[in-house]
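S.K.: One structure is given below, represented as structure tokens, and several questions about it will come after.
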Amino acid sequence: MLPFAEARERILQGVSRLGSERVPLRAAAGRVLAEDVRASEPLPRFDYSAMDGYALNSADVTAAGPWALPLHGESRAGAPLARLEPGTICRIFTGAALPPGADAVVASEDAAEHGGRVELALAPRPGQHVRRRGEDLAEGELALSAGVRLGAYHVGVAAGVDRPDLLVARRPRVTIVGTGDELRAPGEAGSPTSIPESNGLSIAVLAESAGASVLLAPRIADEAETLRERLARALEQTDLLVTIGGVSIGRYDLVRPALEAAGAQLDFWQVQIKPGKPLVYGRYGPTHILGLPGNPVSAQLTFGLFGLPLLRALQGQRDPVPPFESARLLAALRQRPGRMGFYRARWSPLGVLPVDNQASGNVLSLAYADALIAVPADSEGYDAGALVDILRLSQL
Ligand code: AMP
Ligand code: MG
């Protein structure tokens, strides 16, 4: 049985990045940047005023104040550049270019206009309320670096440096397939011992949150030949095949042999964690395979712990693995040593409180929890008040 960190390392080690594609900025949000973006011009492109007020040459107000300068002309945002007449002051608006000859701006509220003259009580500092050309980025300077997952603010920066589009990693194709005779679609009629398939949906949403394009394939019954044939087909046109269920050691757990019969190379099938001990990882050529246990908590958590980092790495995302954070444990947490435990918990600024029902079939607890407490395999747990390693579910 592989320890948690080693299992994840084994998966990430074998990742080759997928190709890239150029997309318009709007579509680039949520994707991973596949190029360095540099400023093609200085940012900002010209000196401009940060305030509504008056532009002047600070050297014109050196003797004892107050001062009154003749008002001459104005500079509006987007208007052509006009020179400041020596010895005068010019009206200026936020975002308007600073006229050559001026080196400072006095805000409207610090000046008074009377009969064609502007009176100032305080002398402006050179550069006051002026945003300088190239102050944010010099020409050629790095604005965004490859590997970042683009959010609202990143695409704003790209637009700011005049880029209409960006090169991003192509979306990983993920095929998800549930296995089990008992499964049916939610709302579909079925025998009293059937259950609605619920894992596939949650895992599809998780995968999409990591930028994947997901195919939720029809469920497969627990029958060796059907499984082999269907899984062989599912392996063809995808970057990651996720199977759900059928990977433990029961008589009807047929996924592992079916994958092997379909030509997959399995790397490991047990990880020293709880929940989620039976967990298959393998490859079929460039295609990655994750065989998740069927229990809803196990399936969804193991996908979060292994599948999401894998999807990020495929897209070349920097730091594909979220780091543990530290939090105060608000109640004692005990475990039998042997496997690394991931316990669902409620997080608050005060600390983490384990949820009562840690059964791996209890999906409600996952929807209710917002963090996982990680307890090392050799630990018997902690007393209330201990500092523990946690992962926020929203950041898996
Ligand atoms: P298995 O890993 O196939 O032994 O399944 C373990 C448990 O998870 C059983 O109670 C299954 O009925 C349940 N299960 C398996 N697959 C799913 C699924 N896709 N959605 C919901 N429950 C499932
Ligand atoms: Mg099953």
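Values quoted throughout were computed directly from the atomic coordinates according to the rules given, and no laboratory measurement underlies them. Here the structure is a predicted model, which is why all the values come from computation and not from measurement. Every residue, glycine among them, receives a Cβ derived from its backbone with ideal geometry; neighbour counts consider all protein chains shown.
S.K.: Report, please, the projected area of the stretch 302-343 averaged over directions, based on the convex hull of its C-alpha atoms, in nm².
M.R.: Details: hull surface 16.4 nm².
Here the figure is 4.1 nm², rounded to one decimal.
S.K.: Mind checking the full-extension length gain between Asp181 and Glu229? Use 0.36 nm per residue of separation minus the Cα-Cα distance, one decimal, nm.
M.R.: Working: separation 48, 0.36 × 48 = 17.28 nm, distance 1.64 nm.
Contour length minus the Cα-Cα distance gives 15.6 nm.
S.K.: Taking the Cα centre of the chain as origin, sum charge times position over the Cβ atoms of Lys and Arg (+1) and Asp and Glu (-1), and report the length of that vector in debye to the nearest 20. All intermediate terms of the calculation are to be shown ahead of the outcome.
M.R.: Working: 40 positive and 44 negative charges, 158 e Å.
Charge dipole of the chain: 760 debye, to the nearest 20.
S.K.: Further, regarding this structure: Figure the gain on full extension for Leu387 and Ala79 (residue separation times 0.36 nm, minus the Cα-Cα span) and round it to one decimal in nm. Kindly include the intermediate steps, with their values, before the conclusion.
M.R.: Numbers: separation 308, 0.36 × 308 = 110.88 nm, distance 5.94 nm.
Length gained between Leu387 and Ala79: 104.9 nm.
S.K.: Between beta-carbons, use under 12 Å as the cut-off and find the net charge around Pro172, counting Lys and Arg +1, Asp and Glu -1. Don't jump to the answer; show the numbers that get you there.
M.R.: On the way: positive: Arg17, Arg31, Arg170, Arg171, Arg173, Arg312; negative: Glu208, Asp239.
Local net charge: +4.
S.K.: While we're on this one: So how far, in whole Å, is the C-alpha centre of the stretch 284-332 from the one of the stretch 173-252?
M.R.: 18
S.K.: Let me ask another. Roughly how many Å is it from the Cα centre of the stretch 370-396 to that of the stretch 20-55, as a whole number?
M.R.: Here the answer is 40 Å between Cα centres.
S.K.: Work out the charge dipole of the chain with +1 on the Cβ of Lys and Arg and -1 on the Cβ of Asp and Glu about the Cα centre, then indicate which of Leu137, Pro70, Leu231 is farthest towards its positive end.
M.R.: It is Leu231, whose Cα lies furthest towards the positive end.
S.K.: Taking the simple approach of a point 7 Å from Cα along Cα-to-Cβ for both Ser145 and Ser198, what is their distance in nm?
M.R.: Distance between label points: 4.3 nm.
S.K.: Follow-up. What is the P(r) of the stretch 182-315, as percent of Cα-Cα pairs per 10 Å bin from 0?
M.R.: Result returned by the calculation: 12, 45, 37, 6, 0.
S.K.: Go through 211-218, 325-332 and give me the packing order, highest mean Cβ count within 10 Å leading.
M.R.: Working: 211-218: 17.6, 325-332: 15.6.
Averaged packing, sorted descending, gives the order 211-218, 325-332.
S.K.: May I ask you to sort Phe324, Phe303 by Cβ crowding, counting other Cβ atoms within 10 Å and putting the fewest first? Don't jump to the answer; show the numbers that get you there.
M.R.: Numbers: Phe324 13, Phe303 26.
Neighbour counts put them in this order, fewest first: Phe324, Phe303.
S.K.: Does a label point 7 Å from the Cα of Leu12, set along Cα-to-beta-carbon, have any residues of the stretch 344-380 with amide nitrogen under 19 Å, and which are they?
M.R.: In the stretch 344-380, the label zone of Leu12 (backbone N under 19 Å from the point 7 Å along Cα→Cβ) covers 372-377.
S.K.: Moving on. Size of the dipole of the stretch 124-208 about the Cα centre, Lys and Arg at +1 and Asp and Glu at -1 on the beta carbon, nothing else charged, in debye to 20? It would help to have the intermediate numbers written out before the result.
M.R.: Values: 10 positive and 11 negative charges, 106 e Å.
For this selection, approximately 500 debye.
S.K.: Fully extended, how many nm does the chain gain between Ser348 and Asp110 (0.36 nm per residue separation, minus their Cα-Cα distance)?
M.R.: The span from Ser348 to Asp110 would gain 81.0 nm if fully extended.
S.K.: Treating the angle as unsigned and between 0 and 90°, give the value, to the nearest 10°, between the Cα long axis of helix 4-13 and the longest Cα principal axis of the chain.
M.R.: So the helix axis and the longest Cα principal axis differ by about 70 degrees.
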